[in-house]
Each structure stands twice: as C-alpha cells, then as structure tokens.
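Below you'll find the structure, written out as structure tokens, and then a few comments.
Please treat every number below as a calculation from the coordinates, not as lab data. Note that the coordinates shown come from a computational prediction; the quantities given were computed from them, not determined experimentally. All Cβ positions, even for glycine, are placed from backbone atoms using ideal geometry, and neighbour counts span all protein chains on display.
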Amino acid sequence: MSLRRQDHRRAAVPIVEAVQRYLASDPKRFHVPGHKGSLGAPPAVRELLGARVFDADLTELPGLDDLHEPSGPIRDAEALLAELKQADHALFLVGGSSAGLLGLMIALVAPGDRVLVHRNCHRAVMAGLILTGANPVYLLPRCHQDWAMDLLVEPEEYVQAAERYPDARLAIMLHPSYYGVVCSLRDAIGKLRYRGVTVIVDEAHGAHFGFHPKLPQSAYTQGADAVVQSAHKSLGALTGGAWLLAREGSVDVHRLRSALRLIQTSSPSYPLLASLDAARAWAYAEGREVWGRVLDCARRLKDLLCGVKGLRVLRDEDVGRWGFSIDPTRLTFTLAPLGWDARRVDEHLRTDFGVFVEMQDGRNLLCILGPGDWWGSPSISRLIEALQSLAHCPQSGMLPDLPCAPPLPKQVLSPREAYFAPSERVPLARAAGRVAAQLITPYPPGTPVLCPGEEITPQHIEYIQGMSARGVRFVGLDEASRLTVVAGT
C-alpha cells in the first residue's frame, strides 16, 4: 500500500461515514430513539442542542454495526485506533474509563484473587473489587507534604508487594494522577509480568500521551497489559467517550467483550461513538501540531505565572526527588503562601472573571489545557488576568494545618462481603470498632480514608471530623455525619 493510500485510510472516519450514509438516504424512521431525528424531541432541548445532534442519534441499524459484536464500521474504527496507538487490540467505550476498568477486572480476576491496587484509586476500581470479590492489597501513594497532595505509588512498591504476596494475580496502576504526576513504569511492569502478574493501568487522563515528543509516554508503550484512556478528557470526544488498549496473550479479548456487555448499555450513543472515531482521526492527522501548540501555551503560561507574587506553580522539580515529573499540559497552582484558601480563589475566579477551573482541593487549584487552548486565546488571556489580580489582594492569613491521615486500617472483610452484608447507618462519633460498608473519601479527589470491609478506629473518626471542620466534603458521609457500617460488628 502506498504512503498516500495508507494516510488516506488512517484519516478515514468509518463510524462518521456510516452515519452520514444513513442520513443521506432520507430515512423515514420507525425505530428507536423515539425523537425520530428531532421531530419528537422536547422543544427546550432541541433549541439548546439543535436538530442535527438528534439526526445522528441512532440505534444499531443495518450498516451502523454493533458495539458489542463489531463487524463493520465500529470494527474498522477500532482497528484504526489500535494501529495509531500501536496496540494489539483497541475497544471503544461508551461508559468512560470506568467501564473499561470494570470490564478488565471482571475479565481478569475471580472471587478471592489477590489484587495490588493504589490506595488513591478511582471509585470504579472499588466497584470492580465489590463485583468480582477480589481481595485488595492497598499501596499508599507518596504524599507531598508541602503541597498537601497525593502523588503516585512508586512503581517499585508494586514489585515489593508482589514479592510479599506471590499469589497476586493483578496489579492496577494509576498514570497520570489527577494532578498530572507521571513516572517511568517500564522496569516495574517488566518485573511484575515476569512474576505472572497482569498489569492494567488507569490512564484516563493520558489519552493524549505520545502525540508529541514532549508529552509523557503511555503506559501501554511501557509494557502494560491493558490501558484505559478517556478520549473525552483530552482529545475532544464527547463526555463518556473512552477506549481500551489490550495486549494479545495477556488479555482474552473475547472474554473482555463479554464482560463489557455486562456493564455497558445495549443502546450506545452514536454521536458519542462518532466523536471517538473523529477524535482518533484528528489526533492522527494533526496531533503533533495541535499538542505542540498546547505545550507552547502551557510553558509560557507557567513561566508568566511563576512571576506573580505569592502564586506557586507545581513543576517537575517539586516532584523530581521521587523520580516523578508533571504532564506539562496540567497547570496546578496554589496561593497558600498568601494564605489564600483555594475555595476562595475558585469563587473569585468564577464570580469576578468567569473562569472555571477543573478542581480545587482546599489548597491547590487545577487547570487542564487541551486542544482548545493556545497562547493569546481569549480563555488564556482571561485566566492570566484573573490570576494576576490576586497578587494585589490582601493576604488572608495563615492557612490551618491539615491533620495527618491515619494509617491504613485493618481489613476485616473483603469489599464484596462488606458491601452485601446487612448494614445500618450510625453517627460517625459512635462508629469506632465497626466495619465500614461503603467508601469514605474526601472530595475533591484524595486517598480514601475507609474502604468497604475496613475497621473504623478513633483515629479515623478524629481525622474525618477535623477535615470536615475545615470544609472538606466526604463522599459516603451524610449531612448528619452518619455513615454506613456492617450490622452486627
């Protein structure tokens, strides 16, 4: 095949083209969805979204393929993604990376299997432990005290855990962290696979990795058996659009598709699938140029903000002592030196400048840069103006110290046993000695304080109370400070 024909094929968008062929046939619809191409859509949402999105909102019609057993345009689009990502297999996901993590765990482990997992895992991993009945070995991420931030589990920690637990079947890694912290995984992955441990990586925030030399490498290119990536987070796909990369001989793809059928909708969104197809084609055609522009913008923005009095930007040198670095497209900053609570900064940015950040955790704020950002764009100019204004605001005083997180609690029951056991709601103050039946974790993201099946100690109660008093919200704790515990313990 000539290079020109090969480039043309890789730039194709099979799902988009299949939908376009259907629409060009002037179809008269006697099939779901019930809106019949916007004719029956609620007027308010039709006015909000326009009619065209309803035209493309289809079901599995002849010529449009079936996500769960692809043999046409979806199969072709997945094959093009696998080629782009240099993967043995690639599967589209309509339930986000969460669906990919759940599907992999169901496909790879059985009840009672031991799984090595980072403690600051996504809640989808916890759901996978509950659904499969696997027994977790939690590994603590390195904590950066100055930034009050969890980073990553150091890769060698997984290898040491595999030595302590030779029956471990699966290791689940995070790369990058929500704050964009990355590291080299290749050596640790190689050692784990040598020991017979399958390695899957939650790379939800790294779908753009590899499209420019200055971006981090994907965990898949570093040897991982399977990787999930959220194309909607950084590549322009619609929200919920993700994909999964799997290695031949490590993952039974037929079993994996069977597992995904259990947890994904039988009515996948065709606009979402088309956006995945188009995001892949765009990344192939213009990825290096687009991400070069984003990287240039990020570098100039960080250099400028480092000159703003009292504003501190998270850089490679802040995490390099542990062998970590930062995805350069992430902007994490703090005004703690000025005594500014991140919640106040967030409110100031929103109400006075119309700037909405990705997340604030009480001390730090996170901005994600992507294909829609470039140096001199209106959004970047507004962000600079907003942050520079903070240097002229009076200091807020010293921020209160955060209480130290308690040690890992004792695992009394497996997550599945605890979740399905009879339970009751009790006040937090009277929960010492009980066993948590649900996840208790601070939000915005942080390391879970309690996972299902773990014993609640006075230290955990004191920590949760102290953090709550500082305005931290805990998922799993209601407004009356009650939590769900296993009955009879």
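Of the beta bridges in the chain, as assigned by DSSP with both residues counted there, near 65 percent are antiparallel.
Lysine pair count for the chain with Cα-Cα distance under 23 Å and sequence separation of 8 or more or different chains is 6. Panel values: the range 68-109, Kirkwood radius from alpha carbon pairs, Stokes-Einstein at 37 °C and 0.692 mPa s, translational diffusion coefficient 293 µm²/s. Take every Cα pair under 8 Å whose residues are at least 6 apart in sequence, average their separation, divide by the length of the chain, and the relative contact order is 13 percent. Placing a label point 7 Å from the Cα of Ser184 along the Cα-to-Cβ direction, the residues of the range 139-176 whose backbone N falls under 18 Å of that point are 152-160, 175-176.
Taking the fewest neighbouring Cβ atoms within 10 Å as the starting point, the ordered list for Leu273, Leu305 is Leu305, Leu273. On a C-alpha basis, how far is the centre of the range 358-394 from the centre of the range 78-100 in Å? Whole number, if you could? First find each Cα centre; the distance between them is then 32 Å. For the range 1-125, the gyration tensor built on C-alpha atoms gives an oblate shape. Its axis ratio a/c (a ≥ b ≥ c) is at least 1.5, and a/b is not larger than b/c.
Here the label points at His31 and Asp303, each 7 Å from Cα along the C-beta direction, are separated by 5.5 nm in the simple model. Once C-alpha pairs closer than 8 Å and six or more residues apart are averaged by separation and normalised to the residue number of the range 278-363, the relative contact order reads 22 percent.
Label sites at Asp252 and Arg46, each approximated as a point 7 angstrom past Cα along Cα to Cβ, lie 4.9 nm apart.
Taken over the Cα atoms of the range 22-63, the convex hull encloses 68 Å³ per residue. Across the range 288-392, counting alpha-carbon atoms alone, Rg and Dmax equal 13.4, 40 Å. Each other residue within a Cβ distance under 12 Å of Ala418 adds +1 if Lys or Arg and -1 if Asp or Glu, for a net charge of -1.
Once you sort the root eigenvalues of the Cα gyration tensor of the range 238-354 as a ≥ b ≥ c, which label holds: rounded (a/c under 1.5), prolate (a/b larger than b/c) or oblate (the other case)? Here the range 238-354 falls in the prolate category. For the range 415-486, a simple Cβ point-charge model (Lys and Arg +1, Asp and Glu -1, everything else neutral) yields a dipole of about 120 debye relative to the Cα centre. With contacts taken as Cα pairs under 8 Å at a separation of at least 6 residues, the range 115-222 carries a relative contact order of 24 percent. Charge dipole (Cα centre; +1 on Lys/Arg Cβ, -1 on Asp/Glu Cβ; no other charges) of the range 288-392 amounts to roughly 160 debye. If the segment from Glu358 to Val475 were pulled out straight at 0.36 nm per residue, it would be longer than the present Cα-Cα gap by 40.3 nm. When the square roots of the Cα gyration tensor eigenvalues are ordered a ≥ b ≥ c, the ratio a/c for the range 415-486 is 1.5 or more and a/b exceeds b/c, which makes its shape prolate. Roughly how large, in nm² to one decimal, is the mean projection of the convex hull of the alpha-carbon atoms in the chain? The orientation-averaged projected area of the Cα hull of the chain comes to 25.4 nm².
Here the chain is treated with +1 on each Lys and Arg Cβ and -1 on each Asp and Glu Cβ, and its dipole about the Cα centre works out to around 120 debye. Using θ = phi - 60° in the Karplus curve 6.51 cos²θ - 1.76 cosθ + 1.60, the 3J(HN,Hα) couplings for the range 143-157 round to 9, 8, 5, 4, 9, 6, 9, 7, 9, 10, 6, 5, x, 5, 4 Hz; x is entered for Gly and Pro.
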